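A quick write-up on the structure given underneath.
The values are calculated or read from the model by the stated rules, or taken from the named source; none is laboratory data. Not measured: the values here are computed from a predicted model. Note that we place each Cβ from the backbone using ideal geometry, even for glycine, and neighbour counts take in every protein chain shown. Each accessible area value is taken on the protein alone, full model and side chains, heavy atoms only, with ligands, DNA and RNA left out. Shrake-Rupley method; radii C 1.70, N 1.55, O 1.52, S 1.80 Å.
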Amino acid sequence: QGELVESGGGLVQAGGSLRLSCEVSRRFLGTYVMGWFRQAPGKEREFVAAYRSAGDTHYEDSVKGRFTISRDNSKNAVFLQMDSLKPEDTAVYYCAAKYGRNYDDSKEYKWWGQGTQVTVSS
């Protein structure tokens with residue numbers, strides 16, 4: 001296994017919810033930026049959400065208000081709660097980690113999970 005392992009993907013109806021989990025090495029629960037990205041077939045990987053610290057979270061505009069990134073140190077995990085899902089949210093979702101403060105550029109992330117499939121039906 002890798003240092004980041006995603007789970008929780010699946011098939012859901014439009015308007016439904018899923019909660020993705022990213023089991024991480026404990027060191028990533030400190031000063032690292034944790035991010036969620038997604039990649040649909042034939043598309044480039046895109047930024048979804050990032051967690052820099054409590055109260056310092058960031059979201060891509062299309063998911064703002066619907067998705068919530070959080071961290072639970074007791075579970076060694078980062079989560080992405082996805083509500084009001086839309087078919088266009090269908091993608092493989094990846095958890096990632098990086099040094100520093102920037103958060104939205106996938107090229108800056110050093111550590112990546114294997115991805116988990118999210119499919120939203122209409």
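On the principal axes of its Cα set, how long, how wide and how thick is the chain? Give whole Å, largest value first.
Here the spans come out as 39, 30, 28 Å, largest first.
Taking +1 at the Cβ of each Lys and Arg and -1 at the Cβ of each Asp and Glu, which of 14, 48, 100 sits farthest along the dipole of the chain towards its positive end, judged by Cα position relative to the Cα centre?
Of 14, 48, 100, it is 100.
Please work out the average accessible area per residue across the chain, using the 1.4 Å probe convention, and give it in Å². Working shown, then result.
Numbers: 6270 Å² over 122 residues.
With the other protein chains kept in place, the chain gives 51 Å² per residue.
What order do you get for 93-99, 82-88, 109-115 when each peptide is scored by the mean count of other beta carbon atoms within 10 Å, highest first?
Numbers: 93-99: 23.1, 82-88: 15.7, 109-115: 17.6.
Peptide ranking by packing, descending: 93-99, 109-115, 82-88.
Checking the a/c ratio against 1.5 first, then a/b against b/c, what shape does the Cα gyration tensor give for the range 1-59? Provide the component values of the computation, followed by the final result.
Working: a/c = 1.63, a/b = 1.50, b/c = 1.09.
Here the range 1-59 falls in the prolate category.
How would you order 56-68, 29-41 from highest to lowest mean count of nearby Cβ atoms within 10 Å?
Numbers: 56-68: 14.9, 29-41: 18.8.
Order by mean packing, descending: 29-41, 56-68.
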